[in-house]
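We did not get these values from a lab; they are worked out from the coordinates using the rules stated. What you are looking at is a predicted structure, and each value in this text was computed from that prediction instead of being measured. Cβ placement follows ideal geometry from the backbone for every residue including glycine, while neighbour counts extend to all protein chains displayed.
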Amino acid sequence: MNNKKILNTEAQSLSNASRIKYFDLVIESGKGSTLTDINGKKYIDLLASASATNTGHSHPHVVEAITHQAQKIVQYTPAYFANEPAAKLSNRLTQLAPMDGPVKLAWGNSGSDANDALIKFARGYTGRPNVVSFTGAYHGSTYGSMSASAVSLNMSRKMGPLMDGFYKVPFPSPWYQRSYETKDQFIERMFDEFKLPFETYLPADEVAVILVEPIQGDGGIAKAPTKYLEKVYQFAHKHGILFAVDEVNQGMGRTGKWWSIQNFPGIKPDLMSVGKSLASGMPLSAVIGKQKIMDSLSAPANVYTTAGNPVTTAASLATLDVIEDEHLLQRSYDLGLKAKAFFDKMQQKYDFVGDVRMYGLDGGIDIINPENKKADSDIATKIIYRMFELGVVMITVRGNILRFQPPLVITNAELKQAFDVIKQAMQDEANGKI
Ligand code: PLP
């Protein structure tokens, strides 16, 4: 067997539980928004490693920071002694956090453990046991973050019991709005449904935290209506419940702002989790919160030996530089408008394209059955496989929603090429060719 065959076989042999199967793609390298596979074929990446490489693959400034730091010292745990990049990063991140008053953070290695930490600090500070999150949420794969998630039955099947004290309320995704409802009526109904548990079996003064992705990622790239989230926020404050946001997927410039919660001007969270693109995909995460909350637990309540490692934090400092120096927030916003216009055109042309949502370079495009207008995973799957053949990597969420999350550094030429391929794949579907 030649080397490439062996690699392919190894990729296939990953367990069912750990690989979400899409394409038979074994990646060799990546530069900016372009991937190259082991056979030399190139693909435009509209997934950005699940929004973990907002600054693009192997950005030279990030690579240089990693290399430089690795030559000085690779690892010493911040649990015992400070290191320079982690200390600098802590200062920068606490200043960027969209919170009032003094702010502190704790390091992690993944979005999942950051959400676990967030729950620990919320329980520790309030002394209350319960956590409220939303249907459609994905907060991670550890037991705590998984217990707060509700996006796929495979996340809990055969693994129960999940942790105690986790409750879900319905996320107000746009597809739940009824045809006869105005937006305001929809918001009122969803807020009534939100309040129902608190009025019937879940005393508000026993709830530590409400945890939300203000724009759900795996739940369908769907933004909570601003008025709705403000009501939930006010409810939380009225009852002494902490309000926490998960920015692991939607933070770091994805939506055209540093943090997705900044799309909701009236809301200042008490806690937030960040990860993924925080260090351009190097394993680094953090929970950031108001100082009084973060001071409520003592070591070793939340310690991971490699979290806040000098190499990952150096990569993160370089990532923040790139976002600032290359004006990626503005770029995300501007290119997002272009993408919205493109997908709106596709919607006018093809009856299988439904709702188009776009928040910066962060899009969800519903693929529907032209007759009954219901979600259609078969058509969506055919389209993304055709795109893959034509050299563009994109995946679906919830089966039928095209997930559009390219690196924010995607060039105009790459974006145009990607649009041409999407158009071609949709046309092939319309012609019954796939
Ligand atoms: N939170 C959100 C919103 C996510 O999308 C994810 C991952 O997809 C996580 C948390 C978990 O992050 P990680 O996979 O780094 O553990």
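A few remarks follow.
- Among the chymotrypsin sites (Phe, Trp or Tyr not before Pro) in the range 38-132, those placed in a DSSP loop whose Cβ has at most 11 other Cβ atoms within 10 Å are TYR80, PHE81.
- Under the simplified labelling scheme, the SER141-VAL303 pair shows an inter-label distance of 2.7 nm, with each label point 7 Å from Cα along Cα→Cβ.
- More than 36 angstrom apart: percent of Cα pairs within the chain: 26 percent
- Taken one residue at a time, the phi angles of the range 24-32 give Karplus couplings (6.51, -1.76, 1.60, θ = phi - 60°) of 7, 10, 10, 7, 9, 7, x, 9, x Hz. Gly and Pro are set to x.
- Helix-derived mean residue ellipticity, 222 nm - over the chain, DSSP H n ≥ 4, -39500 (n - 2.57), to 500: -12000 deg cm²/dmol
- When the Gaussian network model of the chain links Cα atoms closer than 10 Å, the mean-square fluctuations of SER133, SER296, SER147 top out at SER296.
- Cleavage-rule hits, chymotrypsin sites (Phe, Trp or Tyr not before Pro), the range 190-292, DSSP coil, Cβ neighbours within 10 Å at most 15: TYR201
- Sorted by Cβ neighbour density within 10 Å, fewest at the top, the residues ASP420, ASP321: ASP420, ASP321
- Residue ranges 177-188, 368-379, 48-59 sort as 48-59, 368-379, 177-188 when ordered by packing (mean number of other C-beta atoms within 10 Å per residue, highest first).
- Partners for LYS158 among lysines (Cα-Cα distance below 27 Å; same-chain residues under 8 apart left out): LYS21, LYS120, LYS168
- Value in Å of the Kirkwood radius, where the range 41-132 supplies the Cα pairs that are averaged: 16.6 Å
- For the chain, complete DSSP H runs whose alpha carbons reach 15 Å or more along their own long axis and whose mean Kyte-Doolittle score is -1.0 or higher are 60-72, 84-96, 111-126, 183-200, 226-238, 310-325, 328-349, 377-389, 412-430.
- Fluctuation leader among GLY40, GLY219, GLY127 - the chain, Gaussian network, Cα springs under 10 angstrom: GLY40
- Site pair ASP325 and ILE434 shows an inter-label distance of 3.8 nm when each label is modelled 7 Å from Cα along Cα→Cβ.
- Local electrostatic count at ALA122 - Lys and Arg +1, Asp and Glu -1, tallied over other residues with Cβ under 10 Å: +2
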